[in-house]
Amino acid sequence: MSKDVRIVANWKMNKTIREATDFISKLPNTIAVLSIAMPFTALHACTKNKPPLLSLGAQNIYFESHGPFTGETSAEMVKDAGAEFVILGHSERRHIFSEDSGAVNKKIRQALLCGLEVILCIGETLTQRDENKTVEVLREQLFESLFELTEEQLDQISIAYEPVWAIGTGKPSTAQMAQETHFMLRSFIRDKWGQVASEKIFILHGGSIKPENIQELSSQPDIDGVLVGGASLDVGVFTQIIQNAGNIKK
Ligand code: 13P
């Protein structure tokens with residue numbers, strides 16, 4: 001099954017409205033399919049004058065639709081502000097804000113109900129890897145986050161495998177190690193949802209992606225794209241990532 005490499009930026013808690021709109025205005029007109037997950041506050045302003053193939057997303061939502069949940073933001077609200085997708089289960093949400101896969105499952109359901117696509121993040125810590133728990137941790141995060149979702153619902157979901165030890169460290173996974181893990185994740189999907197679902201689903205890779213390693217990582221057969229943190233904050237560096245990915249044929 002042929003797929004275009006998908007490139008997703010995760011800006012995390014960075015960029016004011018002005019910085020975000022300025023960044024978007026500097027993207028080359030020629031960009032292919034591209035996504036940026038940005039702070040809620042910048043979404044609406046960025047819907048104006050954005051390149052047509054650029055999709056905007058949020059980095060979190062709450063699993064209830066509305067009500068007395070001070071400080072939370074609903075799926076409907078981020079959709080209304082211009083989001084087409086949402087990143088859920090990012091390791092920073094899991095580790096800093098104690099979000100577990102049960103909560104992630106509820107958030108995924110709410111996002112799908114409101115017509116948002118989902119990028120589900122999973123990944124093991126260095127300690128878990130050193131203790132040979134990588135397979136167990138990834139299986140648990142994947143299956144609990146996707147608990148009782150149908151093959152049809154899976155159509156609206158991508159997976160992002162981000163080893164926690166590679167996030168923000170400048171030390172990415174080797175292409176071979178990443179490929180082995182992506183292959184395993186695809187086989188988990190195949191066992192549960194079937195061959196077609198496992199071929200269709202996008203499995204992105206994240207953790208210290210930069211212009212120098214995008215080619216090698218994205219050329220692996222089971223890596224369908226990337227989720228870029230730090231290197232997506234500078235429009236020059238990010239443009240280089242997009243350009244380097246542009247040469248990849250899958
Ligand atoms: P870095 O690219 O900064 O390592 O961050 C990865 C990440 O967390 C993207 O979601």
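The values are calculated or read from the model by the stated rules, or taken from the named source; none is laboratory data. Note that the structure is a prediction, hence the values are computed from the model and not measured. We place every Cβ from the backbone using ideal geometry, glycine too, and count neighbours over all the protein chains shown. Keep in mind that these areas ignore ligands, DNA and RNA; they rest on the heavy atoms of the full protein, side chains included. Shrake-Rupley method; radii C 1.70, N 1.55, O 1.52, S 1.80 Å.
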Item to check | Solvent-accessible area per residue for the stretch 141-250 (1.4 angstrom probe, square angstrom) | outcome: 43 Å²
Checklist entry - Put Thr41, Thr70 in order of accessible area, largest first, 1.4 Å probe: what do you get? => result Thr70, Thr41
Next on the checklist: How much length would be gained if the chain were fully extended between Thr150 and Ser25, taking 0.36 nm per residue of separation minus their Cα-Cα distance, in nm to one decimal?
Outcome noted: 41.1 nm
Checklist outcome for this item: Averaged per residue, the 1.4 Å probe accessible area of the stretch 28-94, protein heavy atoms only, in Å², is roughly 48 Å²
Item to check | Mean residue ellipticity (222 nm) of the chain, computed from DSSP H runs ≥ 4 via -39,500 (n - 2.57), nearest 500 | outcome: -11500 deg cm²/dmol
Next on the checklist: Under the rule a/c < 1.5 gives rounded, and otherwise a/b versus b/c splits prolate from oblate, where does the chain land using the Cα gyration tensor?
Outcome noted: rounded
Next on the checklist: With +1 on the Cβ of every Lys and Arg and -1 on the Cβ of every Asp and Glu, and nothing else charged, how large is the dipole of the chain about its Cα centre, in debye rounded to the nearest 20?
Outcome noted: 620 debye
Checklist entry - Between Gly115, Ile241, Ala166, whose Cα lies farthest towards the positive end of the dipole of the stretch 106-250 when Lys and Arg beta carbons carry +1 and Asp and Glu beta carbons carry -1, centred on the Cα centre? => result Ile241
Item to check | ³J(HN,Hα) computed for each position of the stretch 105-121 - Karplus, 6.51 cos²θ - 1.76 cosθ + 1.60, integer Hz, glycine/proline x | outcome: 4, 5, 5, 4, 4, 5, 4, 5, 4, 8, x, 9, 6, 10, 10, 8, 9
Checklist entry - At a 1.4 Å probe radius, carbon and sulfur cover how many percent of the accessible area of the stretch 1-90? => result 53 percent
Checklist outcome for this item: For Ser55, the residues 5 or more places away or on another chain with a placed amide H closer than 5 Å to its own amide H are Leu34, Ser35, Ile36
Checklist entry - In whole percent, how big is the carbon plus sulfur part of the accessible area of the stretch 147-243, probe 1.4 Å, protein atoms only? => result 52 percent
